[in-house]
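The values are calculated or read from the model by the stated rules, or taken from the named source; none is laboratory data. What you see is a predicted model; the values in this text were computed from it and never measured. Neighbour counts run over all protein chains shown; Cβ positions are idealised from the backbone, glycine included.
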Amino acid sequence: MPFKKGQSGNPSGKPKGARNKMSAERRDYLRDFLRKNEEKFELQLEEMKGKDFVHTYITLMNYVLPKPATTELKEVPKLEEFIAMTREERQAVIDGVQESMNDEQQ
């Protein structure tokens, strides 16, 4: 029995943070594969030099380090307005931007 347009068997939708089952299986497979080949990979890394090593190192860092969040700034004054402000007003704007960035990261 097909669903009506705009309706599904799960009206509340996919829960936030729910992982795709196939992705979990692939992730487990890759994790096992990497563990089995750690020594071989490290030996090959030690043989790399120059740009190849740096490129590989940076590529691997992208999978380890968290990606910076994209932040949309609201009500930020134009440069001319910012320059014309007093020191205290500029600091208040900076504090507000830092506070909104901290809120988004939490």
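Contact map, the range 79-95: first residue surrounded by 12 or more Cβ atoms within 10 Å (Cβ to Cβ), second residue in a helix (DSSP H, G or I) and of a type in the set (Asp, Glu), Cβ cut-off under 7 Å, separation 6 or more or different chains; the map is empty. Considering the range 47-78, and only residues there that are of a type in the set (Lys, Arg) and part of a loop (DSSP other than H, G, I, E, B), the residue that is modelled with the highest pLDDT turns out to be LYS49.
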